[in-house]
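Visitor: Provided herewith is a single structure, encoded as structure tokens, for subsequent inquiry.
The values are calculated or read from the model by the stated rules, or taken from the named source; none is laboratory data. For clarity, every value in this text was computed on a predicted model and none was experimentally measured. Using ideal geometry, Cβ is built from the backbone for each residue, glycine included, and neighbour counts are taken over all protein chains shown. All accessible areas refer to the heavy atoms of the entire protein, side chains included, with ligands and DNA or RNA removed. Shrake-Rupley method; radii C 1.70, N 1.55, O 1.52, S 1.80 Å.
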Amino acid sequence: MRRLAAAIALTFVAGGALLAHDPNGVPISWNREISRIVYERCVSCHHEGGTSFSLMTYQEAQPRAPAIKDAVLSRRMPPWGAVKGFGSFKDEQGLTQQQIELIADWVEGGTTRGNNSRMLPPLPKIEPPVEFRLPRNALAVTDGLRLSQPVRVAGVYPQHVPPGASLQIAAVRPNGDIEPLIWLYEFKDSSRHPFLFRTPLELPAQTVIRGVGPNAAIYLLPERNPATR
């Protein structure tokens, strides 16, 4: 059963006690599980005055529950813009499979609110987004670009991706080894951001970049001037 696989490992601290969801007991609820997922992954955009409708409270989220389920199952939300598992990123915003299944089970189970309001975590503090500025040493890449010198790469910045394009970008080292960089899928320029690797990549001279589509503007971010949001 999906709930068993999704919830067996979910634990959190609430009211001073360590709690775990029991798939055979209390149903998944907004107060207990779902609010934590929303606060962690969604409300940076979905808050009053944000870039989209607010999901800060149960009253705001519950009427939109079917649409939320559809959006997370299709991985349209959160709008990460890249295929999970192709490249390794330290700032990955996509939901885990466990989180997706918890949300789906919550909706299918009747969008329970929960009887104990003390289960609710504190409302998150919304920090203003930090404007990203492309560093001067960022390297613009085109399909087939051959590096003339070694580069230690901290991440990738898609400045422009044509609507509907799917770009599977990789680095082919001189020895033939292929290093996945990023697979941009359903990426929207309106939510552009840098994708920072968990570990910087060493790309030797003569490495060839493949998969950059026509009319796309893609940059490699060298580590010596790390990118931040």
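Visitor: Inspect all residues belonging to region 95-118 and state whether any of them is assigned to a loop (DSSP other than H, G, I, E, B), free of Cβ contacts under 8 Å to residues at least 40 places away in the same chain and under 30 Å from Gly211 (Cα atoms).
Guide: Yes, the conditions are met somewhere in region 95-118.
Visitor: Can I ask one more? Can you pull out every residue in region 155-172 that is open to solvent by less than 50 Å² (accessible area, probe 1.4 Å) and either farther than 15 Å from Ile218 by Cβ or among the basic types (Lys, Arg) (or both)?
Guide: Once the filter is applied, which keeps residues that are open to solvent by less than 50 Å² (accessible area, probe 1.4 Å) and either farther than 15 Å from Ile218 by Cβ or among the basic types (Lys, Arg) (or both), region 155-172 yields only Val172.
Visitor: Something else now. Which condition from (1) modelled with pLDDT of 90 or more; (2) touching a helix residue (DSSP H, G or I) at 6+ places or on another chain (Cβ under 9 Å); (3) outside any helix (DSSP H, G or I) is the one that Val43 breaks?
Guide: (2)
Visitor: Would you mind stating whether Ser74 is open to solvent by 20 Å² or more (accessible area, probe 1.4 Å), modelled with pLDDT under 90, of a type in the set (Gly, Ala, Ser) and within 21 Å of the chain's Cα centre (by Cα)?
Guide: Values: open to solvent by 20 Å² or more (accessible area, probe 1.4 Å): yes; modelled with pLDDT under 90: yes; of a type in the set (Gly, Ala, Ser): yes; within 21 Å of the chain's Cα centre (by Cα): yes.
Criteria met by Ser74.
Visitor: Something else now. Just checking, which of Pro174, Pro204, Pro200 is of a type outside the set (A, V, I, L, M, F, W, C) and within 23 Å of Lys84 (Cβ to Cβ)? Walk me through it before giving the result.
Guide: Numbers: Pro174 fails: within 23 Å of Lys84 (Cβ to Cβ); Pro204 fails: within 23 Å of Lys84 (Cβ to Cβ).
That would be Pro200, the only listed residue that is of a type outside the set (A, V, I, L, M, F, W, C) and within 23 Å of Lys84 (Cβ to Cβ).
Visitor: Can you name the residue in region 46-68 that is of a type outside the set (Phe, Trp, Tyr) and in contact with a His (Cβ under 7 Å, 6 or more places away or on another chain) and, of all such residues, is modelled with the lowest pLDDT?
Guide: The selected residue is Ser52.
Visitor: Within region 135-151, which residues are exposed (fewer than 13 other Cβ atoms within 10 Å of the Cβ) and in contact with a Leu (Cβ under 7 Å, 6 or more places away or on another chain)?
Guide: Pro150
Visitor: What pairs come out if I take residues in region 141-152 that are in contact (Cβ under 8 Å) with a residue 12 or more places away in the chain and pair them with residues that are of a type in the set (Asp, Glu) whose C-beta lies under 9 Å away, six or more apart or interchain?
Guide: So the pair list comes out as Pro150/Glu202; Val151/Glu202; Val151/Glu223; Arg152/Glu202; Arg152/Glu223.
Visitor: Within region 124-154, take every residue that is in a loop (DSSP other than H, G, I, E, B) and small (Gly, Ala, Ser) and give me the one that is farthest from Leu221 (Cα to Cα).
Guide: Here the answer is Gly144.
Visitor: Further, regarding this structure: What pairs come out if I take residues in region 65-93 that are aromatic (Phe, Trp, Tyr) and pair them with residues that are in a loop (DSSP other than H, G, I, E, B) and open to solvent by 50 Å² or more (accessible area, probe 1.4 Å) whose C-beta lies under 8 Å away, six or more apart or interchain?
Guide: Trp80/Gln93
Visitor: Out of all the residues in region 178-189, which are open to solvent by 80 Å² or more (accessible area, probe 1.4 Å) and at pLDDT 95 or above? Outline the logic, then answer.
Guide: Step one: filter region 178-189 for residues open to solvent by 80 Å² or more (accessible area, probe 1.4 Å), giving 178, 185-186, 188.
Result: Ile178, single match.
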